[in-house]
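Heads up: the structure comes next, in structure tokens.
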Amino acid sequence: MGKSHRRTERCYVRMTPEEHREIRWAAAEAGLTVSSFMRLSALAVHRAGVNGADLRGGTTVLILDHGTWHGIQRELNRWGVNLNQEARAANTIAHVLSTATLNLPPDTVEFLSRQAESIGQQAQERGRRLDSIVTMLEGLRGTPTLKMDDGHARPKVH
């Protein structure tokens, strides 16, 4: 580390013994010293645009690396594909039951109709949940991001 990057300033922080144990544990898990962990964590939260009111209010800050962010997007896309397949299957079953001439007992037709309707309702509910997740993720695109040394942006999540 050159002279221009030498860390000469100190900052004293008061905390409870429980907080200190938790921070020491978190630093060890990250493979950092307590000092490095606290410095990097504080700067990451600040650079992500989280303010003091958010922190006092118990806000959780989630910083995702580029690979994780794209992994989430890929997984949501897979869910959407599966959801569309379920909806198509339910619609096909309902169509066949309503238009085909089948020699099935009425209770079997009724059972299959209920099953197709249930599949369709479940697919709609999962679709609503998926839509809300996608809406939340798309909302992150406009939020402040944290740029780290590796050049990847990390979106801020409240």
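What the table shows:
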| item | result |
| --- | --- |
| Neighbours by Cβ (under 8 Å, 6+ apart or cross-chain): first from the stretch 88-107, assigned by the TED database to the domain that holds Ala123 and closer than 18 Å to Ala123 by Cβ; second part of a helix (DSSP H, G or I) and of a type outside the set (A, V, I, L, M, F, W, C) | Ala90/Glu117; Ala90/Gly120; Asn91/Gly120; Ile93/Gln115; Ala94/Ser113; Ala94/Glu117; Ala94/Gly120; Leu97/Ser113 |
| Residue within the stretch 37-59 that is among the acidic types (Asp, Glu) and assigned by the TED database to the domain that holds Ala26 present | yes |
| Helices (runs of 4 or more DSSP H) contained in the stretch 1-104 and holding at least 2 residues at pLDDT below 80 and of a type in the set (Ser, Thr, Tyr) | 66-99 |
| In the stretch 13-57, residue surrounded by the most Cβ atoms within 10 Å (Cβ to Cβ) [restricted to those that are among the hydrophobic types (A, V, I, L, M, F, W, C) and touching a strand residue (DSSP E or B) at 6+ places or on another chain (Cβ under 8 Å)] | Ala48 |
| Residue count for the stretch 68-101, restricted to those that are surrounded by fewer than 11 Cβ atoms within 10 Å (Cβ to Cβ) and either more than 29 Å from the chain's Cα centre (by Cα) or farther than 17 Å from Ile133 by Cβ (or both) | 4 |
| Gly139 vs. criteria modelled with pLDDT of 80 or more and closer than 30 Å to Ala42 by Cα | no |
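The values are calculated or read from the model by the stated rules, or taken from the named source; none is laboratory data. It should be emphasised that the depicted structure is a prediction, and the values quoted were computed from it without experimental measurement. Reconstructed Cβ throughout: ideal geometry from the backbone, glycine too, with neighbour counts over all protein chains shown.
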